[in-house]
Amino acid sequence: MAKHPGRDEASAGSIEVVDYDPEWPALFEAEAERIRAACGRVVVEIEHIGSTSVPGLAAKPIIDIMPGVEDIAGARARLEAGMRGLGYESLGEYGIPGRLYFRKGVPRSHHVHVFEVGKPEWRKHLLFRDYLRAHEEARDLAGAFMFSGLDQDKQLAILSGGERSQQIEKVLVHRATPSRAAIAPG
């Protein structure tokens, strides 16, 4: 398994980018069931997002999970209590309006991004994931842009959501979107 060293900004510990692991979907499913049980009916959908959700794509071995709720403000107390009970740290919106963000583990094992189902950020994450799953050339391009030939500082910037990875995401979401109306506020 190819590994690429980096540093996780949240834990200041060593992390690695590794080749795709076919166990990641099972790790997602197990954690999604725990989240459903802990948070109850406020969670109406749960999706596996991020690099670990795309077969064949190298990734940090951190499972990104996206629970969907109908009303984030109304669900917040229940979500925070449930996630705290599972060992997650709550970081509020953490720079993305309309999101509740949780993380777990040292080293980090899971990131949870809660959005309202159907909102633009919800749809953007699904479009990006589904496009990379369906288009091998786009997946390979994303992997090459993100990791090939980059020094450790550039890898860190990408792994921490730096500007370059945001630009890659914009291009691929644009390619994946049938029309701008598909991600317009709803």
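The values are calculated or read from the model by the stated rules, or taken from the named source; none is laboratory data. What you are looking at is a predicted structure, and each value in this text was computed from that prediction instead of being measured. Counting neighbours? That spans all protein chains shown, and the Cβs are built from the backbone with ideal geometry, glycine included.
Okay, here's what the table says:
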quantity	calculated
Test: residue in region 53-65 that is polar (S, T, N, Q), under 30 Å from Ala134 (Cα atoms), free of Cβ contacts under 8 Å to residues at least 40 places away in the same chain and out of contact with any Pro (no Cβ under 6 Å at 6 or more places or on another chain)	no
Test: residue in region 144-154 that is over 30 Å from Ala73 (Cβ atoms), outside any helix (DSSP H, G or I) and at pLDDT 60 or above	no
Condition broken by Pro67, with the remaining ones in (1) at pLDDT 95 or above; (2) part of a loop (DSSP other than H, G, I, E, B); (3) of a type outside the set (Val, Ile, Thr) satisfied	(2)
Single condition Gly40 does not satisfy, out of (1) within 16 Å of Pro25 (Cβ to Cβ); (2) in a helix (DSSP H, G or I); (3) small (Gly, Ala, Ser)	(1)
Every residue from region 46-85 that is of a type in the set (D, E, K, R), crowded, with 16+ Cβ neighbours inside 10 Å and either over 14 Å from the mean Cα position of the chain (by Cα) or farther than 21 Å from Gly105 by Cα (or both)	Arg76, Arg78, Glu80
Filter pass, Ala73 being over 27 Å from Ala142 (Cβ atoms) and aliphatic (A, V, I, L, M)	yes
In region 28-49, residue farthest from Lys119 (Cα to Cα) [restricted to those that are among the aliphatic types (A, V, I, L, M) and in contact with a helix residue (DSSP H, G or I) (Cβ under 8 Å, 6 or more places away or on another chain)]	Ala38
Matching residues in region 116-136 - criterion: being surrounded by fewer than 20 Cβ atoms within 10 Å (Cβ to Cβ), aliphatic (A, V, I, L, M) and in a helix (DSSP H, G or I)	Leu126, Ala134
Residue list for region 76-133, restricted to those being touching a residue at least 60 places away in the same chain (Cβ under 8 Å) and in contact with a His (Cβ under 7 Å, 6 or more places away or on another chain)	Arg103
Residues of region 97-115 satisfying the condition of being under 19 Å from Thr52 (Cβ atoms) and exposed (fewer than 14 other Cβ atoms within 10 Å of the Cβ)	Val106
